[in-house]
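See below for the structure under consideration.
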Amino acid sequence: MADMAPKQDSLQETLFDGDFAPVAKDLGFRGPVAHRVAGITYRQLDYWARTGLVVPELRDANGSGSQRLYSFRDILLLRVVKRFLDVGISLQQIRVAIEHLRARGVEDITEITLVSDGFSVYECTSANELFDLTKGGQGMFLISVSSVWHEIEGTLNDLPKERVTDTSEHPGDELASRRKAKAV
């Protein structure tokens, strides 16, 4: 079958940089091991390699009888793709997200937090920023209620406070006086 996407040398190199793998960089895994560890079918593995989604970093297939050799980082990416499929993200959206990360030159996936709402894939770049990778990196801002709480907690502790009193006896509470009169 003809190649469906142009091949690029070491596509994962732009997505992963550095040596964080628990196995030596020159050791790899053949397709049967890679697909089992990633939790996908061999057909998915083959299709994703042929279409450029996850191209084996160590050795790609070069015709009939040749074997692909996947690195630890490749298998990590395969497993991430599988997780997104499991939560309902389409393969097309996953491709867009991965292409966006590659275009941005993301160097270390271990420093990325990816989030999904079941419709889109987001990259969490800080405690307050989220980028929609399926929409070209449109930024969103997060508001953590607990961090806002901590911000105002200290300030409020230093300001004057007033105890709650029975509002029916409060001389300035006209509405409470009317309700009390109406109830009688």
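The table below gives the values:
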read-out: Modelled FRET efficiency - R0 22 Å, Leu27 with Tyr47, Cβ distances, 0.05 increments; value: 0.30
read-out: Using a Förster distance of 41 Å, the FRET efficiency for Val87-Ser64 (Cβ separation, nearest 0.05); value: 0.65
read-out: Value of Rg to Rh for region 26-97 (Rh from inverse mean 1/r over Cα pairs, i.e. Kirkwood); value: 0.95
read-out: Calculated FRET value between Arg163 and Ser126, using beta carbons and R₀ = 25 Å, to 0.05; value: 0.05
read-out: Two-site label geometry, Val37 and Arg178: point separation in nm, points 7 Å out along Cα→Cβ; value: 7.4 nm
read-out: Charge sum, other residues only, whose C-beta stays under 15 Å from Leu130's C-beta, Lys/Arg counted +1 and Asp/Glu -1; value: -2
read-out: Highest-first arrangement of 44-51, 176-183, where packing means the average Cβ count within 10 Å; value: 44-51, 176-183
read-out: Surface accessible to a 1.4 Å probe, Ser71 within the full protein complex, Å²; value: 10 Å²
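The values are calculated or read from the model by the stated rules, or taken from the named source; none is laboratory data. Computed from a prediction, not measured in an experiment: that's the story for all the values here. Every residue, glycine as well, gets a Cβ built from its backbone with ideal geometry; the counts of neighbours run over all protein chains shown. Heavy atoms of the whole protein, side chains included, go into the accessibility calculation; ligands, DNA and RNA do not. Shrake-Rupley method; radii C 1.70, N 1.55, O 1.52, S 1.80 Å.
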